[in-house]
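A.B. asks: I'd like to ask you about the structure that follows.
The values are calculated or read from the model by the stated rules, or taken from the named source; none is laboratory data. These numbers come from a predicted model, not from an experiment. Cβ atoms come from the backbone with ideal geometry, glycine included; neighbour counts cover every protein chain shown.
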Amino acid sequence: MHARVLKTEEYRITNEPYYAPQGDEIALFEAAYKNRLPVLLKGPTGCGKTRFMEQMAWRLKRPLITVSCHDDLTASDLVGRYLITGGETVWVDGPMARAVRVGAILYLDEIVEARKDTTVVIHPLADDRRVLPIEKTGELLAAPPEFCLAISYNPGYQSVLKDLKQSTRQRFVALEFNYPKPELEQTIIAREAGVDAATAAKLVKFAGMTRNLKGQGLDEGASTRLLVHAGKLIAAGIAPQAACRGAIAEALTDDSEMLAAVNELSASLF
Amino acid sequence: MNNPPLSVVEIEAKLDELLIWALSSHRPARPLAEALAPFTRAEQEFVLRWTDAIAKTNAEMAFQFTTQAPLALRCMELAGIEQWVVRAMDVYDRMGMYPAYAVFRDVEDFGRRYREQQDGASFEDSAHVLELFVRGLSGRSLKLECADDVYTDTASLFLPATISRFPDRNQNFGLYKAMVAHQWAQTRYGTFRTALGAALANYPDPERALRIFHALETVRLDFRLAQDLAGLHRQMAALRAALGEVLFPPSWESRVTRLLTADATVEDTLSLVAELYDGELPAPLSYQGTLHPERAAAAIAGRIEREKHELRQALLKLLHEHDGSDAATPESIPERFHLERSEPGMLGGEFSISITLDGKPLAPPDEVRSLMDSIFQDLGDIPDEYLTAAGDGKYCRQGDEKKEDGGWKASYEDEGALLYNEWDYRRRHYRKNWCVLRELDVHPVDEPFVARTRRKYAGLIHSLRKGFEALRGEDKLLKRQSDGDNVDFDALVEAWADKHTGRELSERLFTQHHKSERNIAVVFMIDMSGSTKGWINDAERETLVMLCEALEVLGDRYAIYGFSGMTRKRCELYRVKRFDEAYSEEVRRRITGMQPQDYTRMGVVIRHVTRLFECIEARTKLLITLSDGKPDDYDGYRGEYGIEDTRQALLEAKHAGIHPFCVTIDTEARDYLPHMYGHVNYVLLDDVRKLPVKISDIYRRLTL
């Protein structure tokens, strides 16, 4: 068995990804898209931002190009560079240029991790100019109406040195994401993991307990994603306590006393 | 290789040699040898080795040891015997022969205590995990404390110092957990929601009535636990089974069914007490502890008043934020807010409460939600009358006296005094030159405090140094340099391509390792108000020592100031270390000499520090405050006024490019700190003793 090889711009989502809306975020995004406004997704990890992007890509029937940002990301990583193939110099587009050319949805994940001088590359795309200048080729790509720029970040425990500048953030329509309300979270877990409602309810309760411990030694409580992982393990026949230990407790913390406490909490429920 | 055990003859020969000065014809070695013969070779040699060692000090002691050794071997493992011997020798050194003989004689007692220590669970070891456990279970943060009596007063849970009921440490921990769960259940499911003292006083023997009530209440709570926390319930049932305990005596069976529903409340339990008063008095369960209704009532009464007021204040604030103006008054709260009770889902026990504002559902901030939770736990509901305003809503502390100008003699013209404005949030303007601030030096004190702290945290300092060195010596790979030790292939490829398209070949084709420069200047403001006396002051000073260790390695520029003062005319800033000062012996002595002073007027201090920063060139400027509570000064600088002025000063600092951050141990911090510092710019530590350990972590995360 081999991995499927796709060109990034061909990554279209053909089957509807499961997404349960928390509020009116879908309508908001569609309105922003129609008005060619870029979108900023704020929220803790594992609460549905990327799944939401997949849902919107499916709805709007555009390819979705995702870039995970990090400290070493340069502008040419995003825009493109010249490469030498067979003795010839060839310009190769980066994901950003490709997305603009094809009119895809470009999703930059964890934008604050990238350096500031890289982030400003998105400015011309993010205001009403919607152009991407490529100095090396002397081109100016004007984005088609179908192009959409989306970025995400976690506003939680930020370092002082890594902040989203006003000049960047004020170009976006911001959508806030959070852990879903308990009833909704329960439905999501039951659906995604394939467990019955009672187990899903207990998992949600357990997540609530870990979220109570935020700031007491846990940076974040259990995200919805972790709950789905635990649920999938339970559905596959693993004992609930072991599933919670592996999928949730060990993923949340390394501190031995916190681990003991979290394991006691899961033992108290199942 | 298992060597065969020594024979009686062999042991006797050895003992004759070792104990030569203690033996005589009346005290031969033979009986001792016979007693030791049945043991394994390893054990025999262990005994002989120790006999030899002790004999070098005192032959009689060695004789006593050898006599008791067989008994010791039967009741302790070798590690325990070693402890026993060491203890005896210790006593011998300090108190002489006869007390030491006593230690040897009481070998069984020692053995029992040793086993308890090994297999028992202790409060110290278990408290933190249990605290987190209780915190996770639900909202109100209950403190765990050690006491002789096992009970709760709804604010703290009291547990014994050690538990060694079981032979296994895990089972003993399980008993701790059961105690905690039982007490938590009492606060959660409303055991104290009624006037217990009064209700039980009517009985001829109130003590008996209380015990019957407790036993019945345990049944009711056990049922609720079975509903909400199935795993915990199972564990507690297993505990009871292991100890041969029953939840209730069989004669009660028909009556207690009334308590086995989700609707049963403490009132139902009370009514049952009357019916079962004359019957059997059941033995208390191992985890039950006792009930002290009067202590619980006192804690609840204080809390209810405070939380009622806090909820109204919080709702008023929400109203102002929603409207974007200060126009709303306390009277309008009941018109615009409504409490809705909804049926419990699969997730809840009782019904849950949600708030609507102007008909639209409101997601209250965390502080309000935990307030509502707490009120709910105490009263079983949030009374509608909580929404009605009473009086002007200002919570007056006992003995509060507003003094505008606290008769202080200090005048504006004093030497070296600096004048600062203060923000009056009611009038929305500054009071010009309102505060008089002086910079004072801390009296250095010659005490080995710093050395002691360094010793206490030696391990931590060592790992800190390594960790921070890695941060500092962070070799960043600089690419596209015009000079360097390696070729940058990305750049080379691009340059080559450029050359082929006719453009200039770039010179910047090398990579260079470079220590990334941290360009950070940080000021630490330490709260030196009177409330920090004792533990907190010690912890603050220890924290400073830890910080200095870390910062010296990192190379960031830093300054340390303490602050306190009394009234606006006498604000004091204590210099511990200025920016341009080295971390010298003098600075260390000043840290040692920091003592708690008076009050906490924060606004003026922040403004002063902002001014200090003006002369500092740094890419990043940080202001980190260590505080134990709200802004508070003698002349009315407290409550809203103090918080708003501090917030204004922080905003001014932010405008000047300074990033403020707060580390606090005030458990009520969540009520006001997000408003002052912003939601992400503070850290709450619930135990001040963790501060020295955590501070370097906090600093590192802040500046990574």
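A.B. asks: Are any residues in the range A:15-59 surrounded by fewer than 20 Cβ atoms within 10 Å (Cβ to Cβ), in contact with a helix residue (DSSP H, G or I) (Cβ under 8 Å, 6 or more places away or on another chain) and among the β-branched types (Val, Ile, Thr), and if so, which ones?
C.D. replies: Within the range A:15-59, A:26, A:45 qualify.
A.B. asks: In the list A:4, A:12, which residue meets the criterion of being surrounded by fewer than 14 Cβ atoms within 10 Å (Cβ to Cβ) and either in a helix (DSSP H, G or I) or in contact (Cβ under 8 Å) with a residue 40 or more places away in the chain (or both)?
C.D. replies: So the residue among A:4, A:12 that is surrounded by fewer than 14 Cβ atoms within 10 Å (Cβ to Cβ) and either in a helix (DSSP H, G or I) or in contact (Cβ under 8 Å) with a residue 40 or more places away in the chain (or both) is A:12.
A.B. asks: I'd like the full set of residues that are part of a helix (DSSP H, G or I) and polar (S, T, N, Q), limited to the range A:200-234.
C.D. replies: A:210, A:212, A:224
A.B. asks: Another question, then. Can you find a residue that is outside the structural domain of residue B:495 (by TED's automatic domain parsing), assigned to a strand (DSSP E or B) and within 20 Å of the chain's Cα centre (by Cα) anywhere in the range B:532-555?
C.D. replies: Checked the range B:532-555: no residue is outside the structural domain of residue B:495 (by TED's automatic domain parsing), assigned to a strand (DSSP E or B) and within 20 Å of the chain's Cα centre (by Cα).
A.B. asks: Restricted to the range A:255-264, and to residues that are more than 7 Å from every other protein chain (Cβ to nearest Cβ) and free of Cβ contacts under 8 Å to residues at least 12 places away in the same chain, which residue is farthest from residue A:232 (Cα to Cα)?
C.D. replies: Checking each candidate, the answer is A:256.
A.B. asks: Further, regarding this structure: Out of the residues in the range B:507-531 that are in a loop (DSSP other than H, G, I, E, B) and modelled with pLDDT under 80, state the one that is surrounded by the most Cβ atoms within 10 Å (Cβ to Cβ).
C.D. replies: B:518
A.B. asks: While we're here: Scan the range B:177-199 and give yes if some residue there is over 25 Å from residue B:258 (Cβ atoms), crowded, with 20+ Cβ neighbours inside 10 Å and within 13 Å of chain A (Cβ to nearest Cβ), otherwise no.
C.D. replies: yes
A.B. asks: Restrict the check to the range A:193-205 and report whether at least one residue is closer than 30 Å to residue A:61 by Cβ and touching a helix residue (DSSP H, G or I) at 6+ places or on another chain (Cβ under 6 Å).
C.D. replies: yes
A.B. asks: In the range B:648-692, what residues are without any contact (Cβ under 8 Å) to a residue 60 or more places away in the chain and of a type in the set (Lys, Arg)?
C.D. replies: B:654, B:690, listed by residue number.
A.B. asks: I need the full set of residues from the range A:75-97 which are more than 17 Å from residue A:123 (Cα to Cα) and more than 13 Å from every other protein chain (Cβ to nearest Cβ), in order please.
C.D. replies: A:93
A.B. asks: Can you tell me which of (1) in a helix (DSSP H, G or I); (2) surrounded by fewer than 21 Cβ atoms within 10 Å (Cβ to Cβ); (3) among the small types (Gly, Ala, Ser); (4) more than 11 Å from every other protein chain (Cβ to nearest Cβ) is the one residue A:237 doesn't meet?
C.D. replies: (1)
A.B. asks: Name every residue in the range B:636-647 that is outside any helix (DSSP H, G or I) and either free of Cβ contacts under 8 Å to residues at least 40 places away in the same chain or crowded, with 19+ Cβ neighbours inside 10 Å (or both), in order of residue number.
C.D. replies: If the condition is that a residue be outside any helix (DSSP H, G or I) and either free of Cβ contacts under 8 Å to residues at least 40 places away in the same chain or crowded, with 19+ Cβ neighbours inside 10 Å (or both), then B:637, B:638 are the ones that fit.
A.B. asks: Can you tell me which residue is nearest to the chain's Cα centre (by Cα) among those in the range B:24-53 that are outside any helix (DSSP H, G or I) and farther than 27 Å from residue B:119 by Cα?
C.D. replies: Filtering first and then ranking leaves B:38.
Here is a yes/no grid of residues against (1) under 30 Å from residue B:70 (Cβ atoms); (2) touching a strand residue (DSSP E or B) at 6+ places or on another chain (Cβ under 6 Å); (3) without any contact (Cβ under 8 Å) to a residue 12 or more places away in the chain; (4) within 14 Å of chain A (Cβ to nearest Cβ):
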position	(1), (2), (3), (4)
B:115	yes, no, no, no
B:120	yes, yes, no, no
B:129	no, no, yes, yes
B:142	no, yes, no, yes
B:148	no, no, no, no
B:153	no, no, no, no
B:160	no, no, no, no
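A.B. asks: Determine whether residue A:267 is surrounded by fewer than 20 Cβ atoms within 10 Å (Cβ to Cβ), in contact (Cβ under 8 Å) with a residue 12 or more places away in the chain, aliphatic (A, V, I, L, M) and more than 11 Å from chain B (Cβ to nearest Cβ).
C.D. replies: Taking the combined requirement at face value, the residue does not satisfy it.
A.B. asks: A follow-up question, please. Just to be sure, is residue A:252 touching a residue at least 40 places away in the same chain (Cβ under 8 Å) and within 13 Å of another protein chain (Cβ to nearest Cβ)?
C.D. replies: It is true that residue A:252 is touching a residue at least 40 places away in the same chain (Cβ under 8 Å) and within 13 Å of another protein chain (Cβ to nearest Cβ).
A.B. asks: Just give me the residues in the range A:172-221 being hydroxyl-bearing (Ser, Thr, Tyr) and either within 11 Å of chain B (Cβ to nearest Cβ) or surrounded by 18 or more Cβ atoms within 10 Å (Cβ to Cβ) (or both), in sequence order.
C.D. replies: Hits for the range A:172-221 are A:179, A:199, A:210.
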